[in-house]
Amino acid sequence: MMCMRKLRSAFAAALLLGPCFFGSAQAQQEIKIGAIYPLTGAAASTGLEMRNALELAADMINNGAKGIDMPLAAGGGLPNLGNAKIRLIFADHQGNPQVGATEAERLIMQEKVVALLGCYFSNVTSTASQMAERYGVPFLNPESSSAKLTQRRFKWFFRTTPHDDLFVHNFYEFLKDIGAKKNLKPKRIALLNENTEWGVETTKIEEKLAGELGYNIVEKIIYPAKSTQLTSEVQRLKASKADLLMQSSYLGDAILSMKTYKEQGFAPSAILANDAGFSDTEFRRTLGKDANYVLSREVWAKDLTTQNPLIKQVNDLYAQKYKTDFNGNSARSFTGLFVLADAINRAGSTAPEAIRKALSETNIPGKHLIMPWEGVKFDATGQNTLGRGIIVQIQNGEFATVWPFDIATKDIIWPMPAWDKR
């Protein structure tokens, strides 16, 4: 009888402790993290690369990677949680914000994940993170760049990548620098951006800064995402006689636009892309030589390995396993899981509040990252304050860093050749 009373007392204590009690016990076996990405649809190849990057990160944390100087890369799981292993549970949002929200709720309520990662598409990240906020579950966003995401000042939302406000500022800093160094200044700028949250917000920032800095926007087109044809849009661009095009497109639209530029003979002096589809491996694979000369803002580049040996070490592991190199998307996903796992380990618990607090206290120096950043440290909005962007150009089928000039590995090619001169 005495024994039964003790068991009842222990159970009552467990109920009072709630998720912390059961989370810590469960953590000795595995740590379940939900990952919401586009695994089918137009961006499926992008989603696959990000999934591969997350699986590589999880494998390094669980099983180790010799000689890699990163938090938890020694392997064996999370030492502060009894060497618990990371288990990723993937969900496919299909590029649909409502599906993303539904999948976030399912991962939280049914799969009992301790945190969420995702979702690449800014509009899907918006809805999925709202669900995490409702349930009080940490959400780490490695790739989405809409500035509005951290302006919401959610309690449970953290973002490691820089956002579009910084990236568009980088565009104009880059233009200022090439003007000073090479006497190049575009006189007529056109904007072509897709119509989801990411593209619309980027357009607003581009217009605002152009007005402040004295640049002339001669055409602005916000087109329907996942378009099946862009002929009329490209005809407008050609008629505008723009010498610089700034573009924000996911993979399918990025490929379609380039094919249409060639068909219509549209060749401005430069195309300055806002990453996304232009950095996907499939973009270069599909277009071949026609992808050359495109400029894009980026957050990662293989050719920066001389500045940071980790870039080559980790990229070699990725290339050996998946027969391709990292790109900006997959490198950010990889980094995101390491940052989240580091916080969970420092929390020493799977309790949501403990993980949230640990994330807010994150301070990882740049030397332990594969990104060309000063590090990862979050402000009160959940935004990493130590990230930065670079500008790359596709030259001979490979990305070359061309800005900032002090870390550039290749000289910029501007203007790009007309289609019939290539």
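Some values worked out for this structure:
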item: Verdict on ALA341 being small (Gly, Ala, Ser), touching a Gly at 6+ places or on another chain (Cβ under 8 Å) and part of a helix (DSSP H, G or I); result: no
item: Region 224-251: number of residues that are hydroxyl-bearing (Ser, Thr, Tyr) and crowded, with 19+ Cβ neighbours inside 10 Å; result: 4
item: Criterion violated by ILE407 - all others in (1) within 16 Å of the chain's Cα centre (by Cα); (2) hydrophobic (A, V, I, L, M, F, W, C); (3) outside the structural domain of LEU88 (by TED's automatic domain parsing) satisfied; result: (1)
item: Matching residues, region 314-344, being surrounded by 20 or more Cβ atoms within 10 Å (Cβ to Cβ), small (Gly, Ala, Ser) and closer than 19 Å to GLU398 by Cα; result: GLY328, SER330, ALA331
item: Complete set of residues in region 175-232 that are of a type in the set (A, V, I, L, M) and either assigned to a helix (DSSP H, G or I) or in contact with a Pro (Cβ under 6 Å, 6 or more places away or on another chain) (or both); result: LEU175, ILE178, ALA180, VAL200, ILE205, LEU209, ALA210, LEU213
item: Condition check for GLU263: under 28 Å from VAL124 (Cβ atoms) and not hydroxyl-bearing (Ser, Thr, Tyr); result: no
item: Qualifying positions in region 350-367 - in a helix (DSSP H, G or I) and more than 14 Å from LEU340 (Cα to Cα); result: GLY366, LYS367
item: ARG159 being at pLDDT 95 or above and farther than 21 Å from ASN329 by Cβ; result: no
item: Residues satisfying the stated conditions in region 319-330, i.e. part of a helix (DSSP H, G or I) and under 17 Å from the mean Cα position of the chain (by Cα); result: GLY328, ASN329, SER330
item: Top-ranked residue in region 350-374 [being among the small types (Gly, Ala, Ser) and at pLDDT 95 or above; ranked as surrounded by the fewest Cβ atoms within 10 Å (Cβ to Cβ)]; result: SER360
item: Candidates THR102, THR125 - the one that is more than 16 Å from the chain's Cα centre (by Cα) and either part of a helix (DSSP H, G or I) or crowded, with 18+ Cβ neighbours inside 10 Å (or both); result: THR102
item: Residue list for region 153-166, filter: over 12 Å from SER122 (Cβ atoms) and either part of a helix (DSSP H, G or I) or in contact with a helix residue (DSSP H, G or I) (Cβ under 9 Å, 6 or more places away or on another chain) (or both); result: PHE154, LYS155, TRP156, PHE157, PHE158, THR160, PRO162, ASP165, LEU166
item: Residues (aliphatic (A, V, I, L, M) and either in contact with a Leu (Cβ under 8 Å, 6 or more places away or on another chain) or in a loop (DSSP other than H, G, I, E, B) (or both)) located in region 277-306; result: VAL294, LEU295, VAL299, ALA301
item: Near pairs, Cβ below 7 angstrom, 6+ apart or cross-chain, from region 121-146 (closer than 19 Å to ALA42 by Cα and among the hydrophobic types (A, V, I, L, M, F, W, C)) to any residue that is assigned to a helix (DSSP H, G or I) and at pLDDT 95 or above; result: VAL124/PRO97; VAL124/GLY100
item: Extreme residue, surrounded by the fewest Cβ atoms within 10 Å (Cβ to Cβ), among residues of region 252-267 that are of a type in the set (Ser, Thr, Tyr) and in contact (Cβ under 8 Å) with a residue 40 or more places away in the chain; result: TYR261
item: Any hit, region 21-30, residues being buried (at least 24 other Cβ atoms within 10 Å of the Cβ), assigned to a loop (DSSP other than H, G, I, E, B) and touching a residue at least 40 places away in the same chain (Cβ under 8 Å); result: no
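Rundown of residues vs (1) at positive phi; (2) buried (at least 22 other Cβ atoms within 10 Å of the Cβ), yes/no style:
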| residue | (1), (2) |
| --- | --- |
| GLN383 | no, yes |
| ILE391 | no, yes |
| ASN396 | yes, no |
| PHE405 | no, no |
| ALA408 | no, no |
| ILE413 | no, no |
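The values are calculated or read from the model by the stated rules, or taken from the named source; none is laboratory data. Just so it is clear, the model here is predicted, and its values are computed rather than measured. So basically every Cβ, Gly included, is an ideal-geometry build from the backbone, and we count neighbours across all protein chains shown.
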